[in-house]
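Chemist: To start, I am sharing the structure in question, which I have written as structure tokens.
The values are calculated or read from the model by the stated rules, or taken from the named source; none is laboratory data. Bear in mind that the values here come from a model prediction, so they are computed numbers and not experimental data. Neighbour counts run over all protein chains shown; Cβ positions are idealised from the backbone, glycine included. When the accessible area is computed, the model is the full protein with side chains, heavy atoms only, and any ligands, DNA or RNA have been set aside. Shrake-Rupley method; radii C 1.70, N 1.55, O 1.52, S 1.80 Å.
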Amino acid sequence: MNQRVLIVGYYFVDANMGGVRLRRIARLLPRQGWEPVVLSHPPAPGSAPALPDGMRVETAAAPDLTSMYQRLRRLGRRAPEGPAAGKAEPTAKPMGFTSKLNRWLMVPDKQVTWYRSALRRGRELLRREKFDAIFASLDPRTTLLVAARLSRETGVPCVLEYRDLWTGNPYYHVTQPTAAHRWLHRHLEQKAVRQARRVSAVCRGIADYLSKTYASTLRAPLELNYNFFDPEEYPAPNPAPAGPRPLTISYTGALYANRSPQQFFEGMRAFIDRAGLQPQQFRFRWAGQISGIDDLSEILDRSGVRPYLDFLGQIPHREALRLLAESDAALLVQAPHDAIHIPGKLFEALGARVPLLALAHPCEVTEIIERCRAGIVCPHTADSVADALAEFHRLHTKQKRWEFAETAVQKFSAEASVRKLAELFQSAAEA
């Protein structure tokens with residue numbers, strides 16, 4: 001008989017990458033002897049992604065600040081007269097008033113409005129049914145507070161996972177704007193960590209920070225359990241069109257101020273000029289959200305790459321995986337000052353067996369790429385980008401596939417990672 005875990009997952013029913021990871025975990029946990037029940041929020045009609053077959057999701061309603069802000073922004077705007085002509089243009093979303101409001105007033109995050117209703121629903125579930133563990137994954141931070149409180153009240157052990165840093169984040173000056181905010185965030189985080197029976201992190205930088213900061217608070221050594229790819233999620237590529245196929249580089253994911261594409265576009269322009277390629281011979285396919293890159297239009301105009309660019313905006317995750325699988329290489333941009341986080345697209349490229357063109361200084365990201373022989377690592381310079389693109393062009397011209405280190409790649413598969421998580425649940429339940 002399977003043991004049971006209550007997953008506190010606000011984003012479980014959402015389309016972002018946090019929800020993708022939680023749905024992968026929930027789908028695969030029964031294979032490891034754990035039955036998941038998910039506590040989440042009611043999804044907006046028509047916007048929820050497909051959930052794993054047979055998955056039980058209990059919801060707790062609360063004001064959705066994101067939807068409220070969107071309605072407020074629409075007030076007073078004149079409706080467009082018709083669909084815009086031509087293809088979509090990459091436009092960066094500015095950091096507006098609502099973002100500042102969240103950082104100053106919504107502690108620990110804007111999902112704090114869900115906290116009390118999630119507690120009520122969680123208490124009902126734990127009172128009525130037997131659970132062997134409670135699991136929550138940051139982001140959002142509110143989920144950690146809910147899981148820790150439910151664990152403290154019921155005695156059911158909780159396991160907390162860090163997909164991102166809470167305090168200690170390289171962007172703390174944005175999310176924690178004053179000394180008072182930093183103290184309050186640190187107090188709330190320590191309270192949650194103290195209650196956790198086990199804590200895990202998806203990369204070494206996060207694990208090291210937590211181990212040092214909460215050495216006297218952690219109940220057990222912190223576990224490292226990386227992000228992963230799920231081979232079962234990748235759709236079959238579309239049939240290749242007749243005739244010569246262009247060299248195609250893709251980017252799927254968010255870009256923001258500290259992950260500027262400037263060096264990539266300058267290097268792309270230099271490569272195109274050196275190789276003498278026409279737009280039908282080279283395409284950069286770009287899908288995802290852009291925010292905080294105020295000079296994006298100037299970057300594109302200055303580099304002159306627009307004729308070679310296909311901007312798709314935000315697309316469903318399954319389509320992003322298809323786009324990735326149909327590419328010759330995938331771009332990854334690591335913020336120059338961020339040696340902690342590992343972009344999730346690294347693992348999805350591993351799953352698709354598509355080599356990476358990674359703009360990154362030496363860090364854990366580059367170590368994984370080198371260990372898996374998963375692509376080319378470049379410093380943040382246009383010349384290095386141009387050289388990397390030339391190598392991918394050489395392989396493309398010869399119709400040769402990139403050779404990965406398969407044994408190393410398999411360590412980041414979904415089965416391996418979820419098995420390790422299930423062992424962590426078991427350890428917490430027996431402690």
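Chemist: Considering only residues that are polar (S, T, N, Q) and assigned to a loop (DSSP other than H, G, I, E, B), which ones fall in region 229-265?
Modeler: Applying the first criterion (polar (S, T, N, Q)) to region 229-265 yields 238, 248, 250, 252, 258, 260, 262-263.
Result: N238, N258, S260.
Chemist: Is it true that some residue in region 206-228 is in a helix (DSSP H, G or I), small (G, A, S), at pLDDT 95 or above and under 18 Å from the mean Cα position of the chain (by Cα)? Please lay out each step first, then the result.
Modeler: Initial filter on region 206-228 (in a helix (DSSP H, G or I)): 206-213.
With the extra rule that they be small (G, A, S), the set shrinks to 207, 211.
Then keep just the ones that are at pLDDT 95 or above; that gives 207, 211.
With the extra rule that they be under 18 Å from the mean Cα position of the chain (by Cα), the set shrinks to 207.
The answer is yes, given that some residue of region 206-228 is in a helix (DSSP H, G or I), small (G, A, S), at pLDDT 95 or above and under 18 Å from the mean Cα position of the chain (by Cα).
Chemist: Collect the residues in region 169-196 that are crowded, with 17+ Cβ neighbours inside 10 Å and within 16 Å of L138 (Cα to Cα), keeping them in residue-number order.
Modeler: N169, T175, H185, L188, E189, A192, V193, Q195, A196 - these are the residues of region 169-196 that are crowded, with 17+ Cβ neighbours inside 10 Å and within 16 Å of L138 (Cα to Cα).
Chemist: Among (1) within 30 Å of Q334 (Cβ to Cβ); (2) crowded, with 20+ Cβ neighbours inside 10 Å, which single condition is S211 missing?
Modeler: (2)
Chemist: Quick test of your reading of the structure: V333 fulfils all but one of (1) closer than 28 Å to C363 by Cβ; (2) open to solvent by 10 Å² or more (accessible area, probe 1.4 Å); (3) under 22 Å from the mean Cα position of the chain (by Cα); (4) not hydroxyl-bearing (S, T, Y). Name the failing condition by number.
Modeler: Against the list (1) closer than 28 Å to C363 by Cβ; (2) open to solvent by 10 Å² or more (accessible area, probe 1.4 Å); (3) under 22 Å from the mean Cα position of the chain (by Cα); (4) not hydroxyl-bearing (S, T, Y), V333 comes up short only on (2).
Chemist: Same structure again: Going through region 300-322 one residue at a time, which ones are more than 19 Å from R21 (Cα to Cα), hydrophobic (A, V, I, L, M, F, W, C), open to solvent by 10 Å² or more (accessible area, probe 1.4 Å) and not in a strand (DSSP E or B)?
Modeler: Within region 300-322, no residue meets the criteria.
Chemist: Of all residues in region 342-364, which are open to solvent by less than 10 Å² (accessible area, probe 1.4 Å), in contact with a helix residue (DSSP H, G or I) (Cβ under 8 Å, 6 or more places away or on another chain), part of a helix (DSSP H, G or I) and closer than 17 Å to A254 by Cα?
Modeler: Selection gives L346, A349.
Chemist: Would you mind stating whether R373 is at pLDDT below 90, more than 18 Å from C203 (Cα to Cα) and either open to solvent by 10 Å² or more (accessible area, probe 1.4 Å) or in a helix (DSSP H, G or I) (or both)? Before you say what the answer is, go through the steps one by one.
Modeler: Working: at pLDDT below 90: no; more than 18 Å from C203 (Cα to Cα): yes; either open to solvent by 10 Å² or more (accessible area, probe 1.4 Å) or in a helix (DSSP H, G or I) (or both): yes.
It is false that R373 is at pLDDT below 90, more than 18 Å from C203 (Cα to Cα) and either open to solvent by 10 Å² or more (accessible area, probe 1.4 Å) or in a helix (DSSP H, G or I) (or both).
Chemist: Hey, does region 378-395 have a residue that's within 21 Å of the chain's Cα centre (by Cα) and either part of a helix (DSSP H, G or I) or crowded, with 23+ Cβ neighbours inside 10 Å (or both)?
Modeler: No, there is no match, as no residue in region 378-395 is within 21 Å of the chain's Cα centre (by Cα) and either part of a helix (DSSP H, G or I) or crowded, with 23+ Cβ neighbours inside 10 Å (or both).
Chemist: Considering only region 247-278, how many residues are surrounded by 18 or more Cβ atoms within 10 Å (Cβ to Cβ), of a type outside the set (V, I, T) and out of contact with any Asp or Glu (no Cβ under 6 Å at 6 or more places or on another chain)?
Modeler: Residues meeting the conditions: 17.
Chemist: While we're here: For E406, are the conditions met, namely being surrounded by fewer than 16 Cβ atoms within 10 Å (Cβ to Cβ), over 22 Å from F264 (Cβ atoms) and in contact with a helix residue (DSSP H, G or I) (Cβ under 9 Å, 6 or more places away or on another chain)?
Modeler: So E406 fails the test.
Chemist: Scanning for something in contact with a strand residue (DSSP E or B) (Cβ under 6 Å, 6 or more places away or on another chain), at pLDDT below 90 and polar (S, T, N, Q), does region 320-331 turn up at least one residue?
Modeler: Looking for residues that are in contact with a strand residue (DSSP E or B) (Cβ under 6 Å, 6 or more places away or on another chain), at pLDDT below 90 and polar (S, T, N, Q), one finds none in region 320-331, hence no.
Chemist: Given G122, G155, which one is small (G, A, S) and open to solvent by 10 Å² or more (accessible area, probe 1.4 Å)?
Modeler: G155
Chemist: I'm checking my understanding of the structure. Among residues of region 409-426 that are out of contact with any strand residue (DSSP E or B) (no Cβ under 6 Å at 6 or more places or on another chain) and more than 20 Å from A352 (Cα to Cα), which one is surrounded by the most Cβ atoms within 10 Å (Cβ to Cβ)?
Modeler: Out of the qualifying residues, it is L421.
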